[in-house]
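Worksheet: the structure to be examined is printed underneath.
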Amino acid sequence: MKLSQDRCRDLVERSEHGALATSHPVRGVDAVPVCFAVDGELVAVPIDRVKPKASVQLQRSRNLDRDPRAVLLCDHWVAADWSRLWWVRVTLERIAGSPEERSSLEALLRRKYRQYAGQSFADVLVFRITEMTGWSAGPGAADLR
């Protein structure tokens, strides 16, 4: 069953993580798990210093430098009860974001994820939502539990 825009937004805003897909020039779709925050029509994906990385110059950033389009996919899976399945696909376009927007999004990320409290970010990828669509197995399926 197709989800309303309001229900899609609610589920994405309450999701703890998703998969961000960008376009790699050789491999094509390049998907990675990410945490994120939503504020109105903006989505922020942090490049943090909290988790170990070889470099903060991540492939997703290089992909977005070539093609600013991305997709964020959030879903809920219950192996024992497929009546509770749902997914939401958020189509995005990377933007620079104003200093005020970036600051607000960083604060939102720190509130949503306690691991970021008191931490600085290497960068925050800022996106504008261009489309949102979702599906659930039934009227009561689209729940995060």
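Full extension from S103 to D123: what is 0.36 nm times the residue separation minus their Cα-Cα distance, to one decimal in nm?
On the way: separation 20, 0.36 × 20 = 7.20 nm, distance 1.13 nm.
Roughly 6.1 nm would be gained on extension.
Say each of D39 and H24 gets a label point 7 Å from the Cα, pointing the same way as Cα to Cβ; how far apart are those two points in nm?
With each label point 7 Å from Cα toward Cβ, the separation is 3.2 nm.
Which ³J(HN,Hα) values in Hz, rounded to whole numbers, follow from the phi angles of region 78-93 under the Karplus curve 6.51 cos²θ - 1.76 cosθ + 1.60, where θ = phi - 60° and Gly and Pro get x?
Couplings: 10, 4, 7, 8, 5, 6, 9, 6, 7, 8, 9, 10, 10, 8, 10, 9 Hz.
Need the full-extension length gain, W82 to R7, defined as separation in residues times 0.36 nm minus the C-alpha distance. One decimal, nm.
Working: separation 75, 0.36 × 75 = 27.00 nm, distance 1.89 nm.
Result: 25.1 nm gained on full extension.
Hey, got the dipole for the chain? About the Cα centre, +1 on K and R Cβ, -1 on D and E Cβ, debye to the nearest 20? Kindly include the intermediate steps, with their values, before the conclusion.
On the way: 22 positive and 19 negative charges, 77 e Å.
Using Cβ point charges on Lys, Arg, Asp and Glu, the chain gives about 360 debye.
Find the relative contact order for the chain and round it to a whole percent, using C-alpha pairs within less than 8 Å whose residues are 6+ positions apart. Show your work: numbers first, answer last.
Details: 270 pairs, mean separation 48.9, N = 145.
Here the relative contact order equals 34 percent.
Every number in this text was worked out from the coordinates using simple rules, so none of it is lab data. Everything quoted here is computed from the prediction, not taken from an experiment. Note that each Cβ is placed from the backbone with ideal geometry, even for glycine, and that neighbours are counted across all protein chains shown.
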